[in-house]
1. Identify, from the list Ser177, Ser142, Ser169, the residue that is touching a strand residue (DSSP E or B) at 6+ places or on another chain (Cβ under 9 Å) and of a type in the set (S, T, N, Q).
2. Listed residues Glu172, Glu147; which is surrounded by 16 or more Cβ atoms within 10 Å (Cβ to Cβ), within 14 Å of the ligand (Cβ to nearest atom) and at pLDDT below 95?
3. Which of (1) surrounded by fewer than 20 Cβ atoms within 10 Å (Cβ to Cβ); (2) away from the ligand (no atom under 12 Å from the Cβ) does Lys134 not meet, given it meets every other one?
4. Which residues, taken from the range 148-170, are over 21 Å from Pro80 (Cβ atoms) and not hydroxyl-bearing (Ser, Thr, Tyr)?
5. Mind counting the residues in the range 175-194 that are more than 17 Å from the chain's Cα centre (by Cα), farther than 20 Å from Ala13 by Cβ and modelled with pLDDT of 95 or more?
6. Within the range 150-164, how many residues are crowded, with 20+ Cβ neighbours inside 10 Å and in contact (Cβ under 8 Å) with a residue 24 or more places away in the chain?
7. Being among the small types (Gly, Ala, Ser) and surrounded by 15 or more Cβ atoms within 10 Å (Cβ to Cβ) is the filter; apply it to the range 175-194 and report the residue that is nearest to the ligand (Cβ to nearest atom).
8. Which numbered condition trips up Leu119, out of (1) within 17 Å of the chain's Cα centre (by Cα); (2) within 12 Å of the ligand (Cβ to nearest atom); (3) buried (at least 19 other Cβ atoms within 10 Å of the Cβ); (4) part of a helix (DSSP H, G or I)?
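The values are calculated or read from the model by the stated rules, or taken from the named source; none is laboratory data. This one's a predicted model, so the numbers in the text were calculated from it and none came from an experiment. Backbone-built Cβ (ideal geometry, glycine too); neighbour counts: all protein chains shown.
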Amino acid sequence: MKIILASNNAHKAREIEQLLPQGVQIVTLREVGFNKPIIEDATTFEGNALIKARTVFAEYHQPCLADDSGLEVNCLNGAPGVYSARYSGEGATDETNNNKLLENIKGKADLSACFRTVLAYIDADGKEHLFEGKVNGNLTLSPRGSEGFGYDPLFCPVEFPNKTFAELSLAEKNKISHRARALMAMNAWMKTES
Ligand code: IMP
């Protein structure tokens, strides 16, 4: 079965393919020739994932998948959340985002946080399905590690309390990450459907 991924990221497409049942082929927007802008202006991960999946489904009427992820910090009332990629504003980079986060959590007693991913899948009949993955952890005030991306150097998952995500190998991170867990949930559901 072919699923259109609402993303241009070929690397993400291959990763997703590996975590879904055999025979599922993930194709990117570039591969299907979709190049219209998609405005992700919802205030939840669910909302943004659905915006992306619905936009692509409306064009092709074929199975579509979209994901949306981010970091939620409890002492910041869930920020940066859906604004994770652009937390530090126009031209944000991982470094400026991490610096802003460090500034905002300085002196806070509760450094608990989680990464969340929501996958929105629209099947061939247009039926919508949501899958979620979450990993809990704590932020550290001393960024460490060189693997990964985004907020990885600041986040210690509960499964490895003394290591940041950026100190884990990709294989270790992929066993517990929010994205992998959301895909495992979708994988389990697809197996029951087939
Ligand atoms: P996306 O929805 O997967 O593009 O994620 C949005 C933003 O959330 C990214 O640009 C990162 O800032 C942050 N983020 C999502 N997943 C991760 C992760 O696994 N590690 C670190 N940061 C992440």
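1. Working: Ser142 fails: touching a strand residue (DSSP E or B) at 6+ places or on another chain (Cβ under 9 Å); Ser169 fails: touching a strand residue (DSSP E or B) at 6+ places or on another chain (Cβ under 9 Å).
That would be Ser177, the only listed residue that is touching a strand residue (DSSP E or B) at 6+ places or on another chain (Cβ under 9 Å) and of a type in the set (S, T, N, Q).
2. Numbers: Glu147 fails: surrounded by 16 or more Cβ atoms within 10 Å (Cβ to Cβ).
One residue alone meets the criteria, Glu172.
3. With respect to (1) surrounded by fewer than 20 Cβ atoms within 10 Å (Cβ to Cβ); (2) away from the ligand (no atom under 12 Å from the Cβ), Lys134 is out only on (2).
4. First pass over the range 148-170, keeping only residues over 21 Å from Pro80 (Cβ atoms): 159-163, 167-170.
Within the range 148-170, Glu159, Phe160, Pro161, Asn162, Lys163, Glu167, Leu168, Leu170 qualify.
5. 1
6. Result for the range 150-164: 5.
7. Step one: of the range 175-194, the residues among the small types (Gly, Ala, Ser) are 177, 180, 182, 185, 188, 194.
This time we only want the ones that are surrounded by 15 or more Cβ atoms within 10 Å (Cβ to Cβ), so: 177, 180, 182, 185.
Values: Ser177: 6, Ala180: 10, Ala182: 10, Ala185: 16 Å.
My answer is Ser177.
8. Checking Leu119 against (1) within 17 Å of the chain's Cα centre (by Cα); (2) within 12 Å of the ligand (Cβ to nearest atom); (3) buried (at least 19 other Cβ atoms within 10 Å of the Cβ); (4) part of a helix (DSSP H, G or I), the one that fails is (4).
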